[in-house]
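J.: Mind having a look at this structure? Questions to follow.
The values are calculated or read from the model by the stated rules, or taken from the named source; none is laboratory data. Since this is a predicted model, take the numbers as computed values, not measurements. Counting neighbours? That spans all protein chains shown, and the Cβs are built from the backbone with ideal geometry, glycine included.
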Amino acid sequence: MTTFLARLAGRGLPGSGAGRPHSATGARPVRRWGFTGVAVTSLGGPVILVEYLALSRLAVAATSWPLRPAIIGIGVIMVGFAPVMLINPDRIYDSLITPSLVALWLSQLVVFAVYPRFAVRRRKRALPAWNLAVAASAFAVYGLWATIQTSSI
């Protein structure tokens with residue numbers, strides 16, 4: 001990947017003709033920061049949008065809020081929280097890593113715990129489903145325990 005970006009940025013391998021303008025007008029090629037900006041925009045934006053939509057659906061399902069006020073309220077909170085993240089991102093990250101990991105392990109534990117019921121409804125064998133659920137739940141419990149033990153709180 002680095003070689004590809006170097007070629008596009010005009011710093012290719014010896015003998016590749018890199019270093020010359022790549023257009024008839026003599027325009028300089030896009031530098032590495034340009035590719036980084038495109039990658040962040042194209043990957044980060046959709047991920048944030050999908051998380052925003054999932055969070056709004058979760059808020060509607062977990063509460064009795066109507067959909068439109070939930071979407072607007074969560075959007076206001078996310079936009080209002082963005083400048084706070086820019087003040088000291090390392091502190092925010094350190095403060096939120098443990099609750100995020102605890103939420104991750106708990107959500108995985110719920111999925112693993114209900115898998116046998118899902119398997120039985122799909123007419124699968126119950127014993128392998130229970131074995132998988134117990135093993136996966138053990139990993140989730142260990143992950144939860146390790147997260148809590150190594151947290152800086």
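J.: Of the residues that make up the range 110-117, is at least one farther than 29 Å from T150 by Cβ and part of a helix (DSSP H, G or I)?
T.: Scanning the range 110-117 turns up at least one residue that is farther than 29 Å from T150 by Cβ and part of a helix (DSSP H, G or I).
J.: Name the one entry in L67, L101 that is out of contact with any Phe, Trp or Tyr (no Cβ under 9 Å at 6 or more places or on another chain), surrounded by 11 or more Cβ atoms within 10 Å (Cβ to Cβ), at pLDDT 80 or above and assigned by TED's automatic domain parsing to the domain that holds S151.
T.: The unique qualifying residue is L101.
J.: Still on this structure, please answer the following. Is it the case, given these coordinates, that Q108 is closer than 20 Å to L55 by Cα, polar (S, T, N, Q) and free of Cβ contacts under 8 Å to residues at least 60 places away in the same chain?
T.: yes
J.: Restricting attention to the range 74-83, does a residue exist that is modelled with pLDDT under 65, outside the structural domain of N131 (by TED's automatic domain parsing), exposed (fewer than 11 other Cβ atoms within 10 Å of the Cβ) and farther than 30 Å from A133 by Cβ?
T.: No.
J.: Return only the number of the condition from (1) surrounded by 13 or more Cβ atoms within 10 Å (Cβ to Cβ); (2) within 22 Å of S151 (Cβ to Cβ); (3) not small (G, A, S) that R91 does not satisfy.
T.: Only one criterion in (1) surrounded by 13 or more Cβ atoms within 10 Å (Cβ to Cβ); (2) within 22 Å of S151 (Cβ to Cβ); (3) not small (G, A, S) is unmet by R91, namely (1).
J.: While we're looking at this one, here's another question. If you check V76 against the conditions, is it part of a helix (DSSP H, G or I) and over 29 Å from T150 (Cα atoms)?
T.: Here the answer is yes, as V76 does meet what is asked.
J.: Quick check on my filter: what residues within the range 118-130 are in a helix (DSSP H, G or I) and surrounded by 11 or more Cβ atoms within 10 Å (Cβ to Cβ)?
T.: Matches in the range 118-130: F118, A119, V120, A126, P128, A129, W130.
J.: Would you check if V50 is more than 28 Å from A140 (Cα to Cα), modelled with pLDDT of 70 or more and surrounded by 10 or more Cβ atoms within 10 Å (Cβ to Cβ)?
T.: So V50 fails the test.
J.: In the range 140-153, which residues are in a helix (DSSP H, G or I) and either acidic (D, E) or in contact with a helix residue (DSSP H, G or I) (Cβ under 8 Å, 6 or more places away or on another chain) (or both)?
T.: The answer is A140, V141, G143, L144, T147, I148.
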